[in-house]
Structures are given as structure tokens and as C-alpha cells.
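Notes to accompany the following structure.
The values are calculated or read from the model by the stated rules, or taken from the named source; none is laboratory data. Everything numeric here is computed off the predicted structure, so don't read it as measured data. All Cβ positions, even for glycine, are placed from backbone atoms using ideal geometry, and neighbour counts span all protein chains on display.
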Amino acid sequence: MNAMVRRLALCAVLGGELRAGTAFNPAPTSAQSCDPAFVNYCVPPIEVYGDLDCQYFYDQGICGIQLTDPSNDPQGLDGWNYVDDGIGSEGT
């Protein structure tokens, strides 16, 4: 099974649980701010953790990060397929 198929399978299995309301927490902190540019996951502001790429989120079992506005993508997660469809790190 190649890496892309494994990644998609992981996103499919874990994605449903994460989308059900679990906040994204990239580091153990007691209080965390979320970038309002992202809707369905708590993605930290770029000023806090730096530029996070899709691989970082895939490693966490996260894919399909919805943007509030496709033209505002501070982490650059929606640019991989050259289509600003408002969904970042789609896993394909």
C-alpha cells in the first residue's frame, strides 16, 4: 500500500472523529488561540507555531481543513492543487 493510500485511509478513519468537534492541538498548552481563517479545526496562527504544511496535519491524522474564505489562507494549505476551493490539505 503506497503512502498516499495510507494517508487517505487514515484521514477517512480519523477525520470523522476529529470533525465531530475535537480541537486540533499541535502542542501541549493550557490555552491556545486558533486562527479564524480555518473553520473545522483549531489551526494555530502562523505567528505562534510558524508555517505548518499539509504533511504536518497528515501526520496528525487531519485532512480536509475548511477555510472561512478561500482567498485568505495564511498557512497556504489550499494551494497544493492550484485550485482555491476552500479546502486545505485534502489528502490527494
Within region 21-66, restricting to residues that are modelled with pLDDT under 90 and aliphatic (A, V, I, L, M), the one that is surrounded by the fewest Cβ atoms within 10 Å (Cβ to Cβ) is Ala31
Within region 67-89, restricting to residues that are hydroxyl-bearing (Ser, Thr, Tyr) and closer than 14 Å to Pro36 by Cα, the one that is modelled with the highest pLDDT is Thr68
Within region 67-89, residues being surrounded by 13 or more Cβ atoms within 10 Å (Cβ to Cβ) and either touching a His at 6+ places or on another chain (Cβ under 6 Å) or of a type in the set (Gly, Ala, Ser) (or both) number 4
Sole miss for Thr92 among (1) at pLDDT 60 or above; (2) outside any helix (DSSP H, G or I); (3) on the phi < 0 side of the Ramachandran plot; (4) surrounded by fewer than 17 Cβ atoms within 10 Å (Cβ to Cβ) is condition (1)
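Residue by residue through region 53-92, note down the ones that are of a type in the set (Ser, Thr, Tyr) and either under 14 Å from Val43 (Cβ atoms) or without any contact (Cβ under 8 Å) to a residue 60 or more places away in the chain (or both).
Taking region 53-92 first, the residues of a type in the set (Ser, Thr, Tyr) are 56, 58, 68, 71, 82, 89, 92.
Of everything in region 53-92, those that are of a type in the set (Ser, Thr, Tyr) and either under 14 Å from Val43 (Cβ atoms) or without any contact (Cβ under 8 Å) to a residue 60 or more places away in the chain (or both) turn out to be Tyr56, Tyr58, Thr68, Ser71, Tyr82, Ser89.
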